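The values are calculated or read from the model by the stated rules, or taken from the named source; none is laboratory data. All figures in this text were calculated on a predicted structure; none of them were measured in a lab. Every residue, glycine as well, gets a Cβ built from its backbone with ideal geometry; the counts of neighbours run over all protein chains shown. The accessibility values were calculated without ligands, DNA or RNA, using every heavy atom of the protein model including side chains. Shrake-Rupley method; radii C 1.70, N 1.55, O 1.52, S 1.80 Å.
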Amino acid sequence: MRIFQVAVLAALMGLSGCATGGLAGGHSAVKVWETDADQSKLLAPQADVRFGKASGTVITVDPAQSYQSMVGFGAAMTDASAYLIRNKMTDAQRDALMSDLFGAEGLNFSFMRLTIGASDFSREHYSYDDMPKGESDPQMAHFSINAAKTDVIPAVKQALALNPKLTVMASPWSAPGWMKTTDSLIQGSLKPEAYPWFADYLSRYLKDMRAEGVDITLLTLQNEPGFEPDSYPGMRVEPESRAAFIGGYLGPKLKADGDRTKILDYDHNWDLPSSPLTVLDDAKANPYVSGVAWHCYNGDVAAQGPVHEAHPDKDAYFTECSGGEWAPKFGDTFDWTVKNLIIGSTRNWAKGVLMWNLALDENFGPHKGGCSDCRGIVTINSGTGAVTKNIEYYAFGHASKFVKAGAVRVASNEADGISNVAFRNPDGSLVLIALNGNAAATAFSVKAGGKAFGYTLPAGAVATFVWRP
């Protein structure tokens, strides 16, 4: 993540005890969970709402008009997150946290991102095939994912045991240095002669992770390919180069392997939609690209829509945004996150939505270079193992706890300052996530399939409604 983007994100945000999520009560009532801007309610269950007549402002949910299916919501199991979970918690603390994040009675996260080698949130910089300066390894004789076996793989396997429907994606921050113009993990671009080697490198990663019991469903070829950070691994790969690499090397390699992993392009910000469009418009690359991955640090979430409309056969995923101490106010940050990521990205076709670090410590790390004040979904105290649930925990919980893997987004209208998004779960239940963006409490009605109910949300509050039509 770009350090200077912190200020941009702050501007975008306009800075000026979770209960069980099952659908109880049969068909007679609507279940409600609410979070208020003053934190007086935090993903708190409310009294059931009875069905009645619609009046005043009406949000109509139409389950017959459907859009994308969902893989779900979650965060990245970075090296830092896995290290803290595996080394700075007791077994009981670890099991409680993982159950809270991935278990059916907790947030039920069903989407996760891994880094292929180091990111800034690693204690050391490394790839899975490092060589001394001036040396290379085209045969991958030194390739090894051993660095992932200590903490990352055990943590991911625990998450998979808690939620077998967990979808895992992976992204490299850099190719091994010997494949790059700098002969370093820091800065530089992928050398054209290294295209077949990098395709082999990624193929080996997928195979070796699968052998460890972790199936990578989605793959991007480079995190933030338009950016070369100077303090942690990164690599510039312009859209024309990505198209050439995917169409001529990575796509054919995975096809020859019989690998079902889907390739996503871009993995960067909303502000440059022309970049993924260049790749999708390439005749050789297009058949191998399943979709586009997006980040939040520049631009507007609405950029996802036109790219999908230009290539409606391609999926969209939202794959990175970080909370941080540049945005400490609960109400402002909570509302921005729900409006843009939970509601905005899914209304603009995202099948999955990810925050950045799942967990960081009280010093916003461990990290080496990069962001010095990023915030995880939770904070783990490195001395005691105690867990603090952060703003993003509650924002994402309003979706992940109730929108099940395989749910389908359905139509709903936004009215009178109430931003919202609706889903139909595989069991037929409906979910509506609503944010009151008004300066005062607002009453509204929800109507779906001949049933209606009313609710009043305080200013800046979010509610999740679950019911059977």
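Does residue 136 satisfy being of a type in the set (Gly, Ala, Ser) and under 27 Å from the mean Cα position of the chain (by Cα)?
Answer is no for this residue.
Which residue pairs have Cβ atoms under 6 Å apart, sit 6 or more places apart or on different chains, and have a first residue in the stretch 291-309 that is over 19 Å from residue 324 (Cα atoms) and a second that is of a type in the set (D, E, K, R) and open to solvent by 10 Å² or more (accessible area, probe 1.4 Å)?
Correct list of pairs: 291/314; 291/315.
Of 454, 437, 385, which residue is on the phi > 0 side of the Ramachandran plot and over 20 Å from the mean Cα position of the chain (by Cα)?
One residue alone meets the criteria, 385.
Consider the stretch 374-416. How many of its residues are closer than 30 Å to residue 426 by Cβ, outside any loop (DSSP other than H, G, I, E, B) and of a type in the set (A, V, I, L, M, F, W, C)?
9
Among the residues of the stretch 404-417, is there at least one that is closer than 16 Å to residue 75 by Cβ and either in contact with a strand residue (DSSP E or B) (Cβ under 8 Å, 6 or more places away or on another chain) or not acidic (Asp, Glu) (or both)?
Within the stretch 404-417, one or more residues are closer than 16 Å to residue 75 by Cβ and either in contact with a strand residue (DSSP E or B) (Cβ under 8 Å, 6 or more places away or on another chain) or not acidic (Asp, Glu) (or both).
Return the residues of the stretch 35-75 that are among the aliphatic types (A, V, I, L, M), part of a strand (DSSP E or B) and either in contact with a Leu (Cβ under 8 Å, 6 or more places away or on another chain) or surrounded by 17 or more Cβ atoms within 10 Å (Cβ to Cβ) (or both); say none if nothing qualifies.
Correct list: 49, 59, 61, 75.
Counting just the residues of the stretch 289-299 that are open to solvent by less than 20 Å² (accessible area, probe 1.4 Å) and in a strand (DSSP E or B), which one comes out farthest from residue 247 (Cα to Cα)?
Per the criteria, the residue is 295.
Would you confirm, using the coordinates I've provided, whether residue 339 is open to solvent by less than 50 Å² (accessible area, probe 1.4 Å), at pLDDT 95 or above and among the basic types (Lys, Arg)?
The answer is no for residue 339.
Going through the stretch 356-381 one residue at a time, which ones are open to solvent by less than 10 Å² (accessible area, probe 1.4 Å) and within 26 Å of residue 227 (Cβ to Cβ)?
Selection gives 356, 357, 358, 359, 360, 365, 371, 374, 376, 377.
Can you name the residue in the stretch 230-264 that is touching a Lys or Arg at 6+ places or on another chain (Cβ under 7 Å) and not aliphatic (A, V, I, L, M) and, of all such residues, is most open to solvent (accessible area, probe 1.4 Å)?
My answer is 248.
Return yes when residue 412 is open to solvent by 10 Å² or more (accessible area, probe 1.4 Å) and polar (S, T, N, Q) and no when it is not.
The answer is yes for residue 412.
For residues that are part of a helix (DSSP H, G or I) and in contact with a strand residue (DSSP E or B) (Cβ under 7 Å, 6 or more places away or on another chain), tally how many sit in the stretch 255-288.
Number satisfying all stated conditions: 5.
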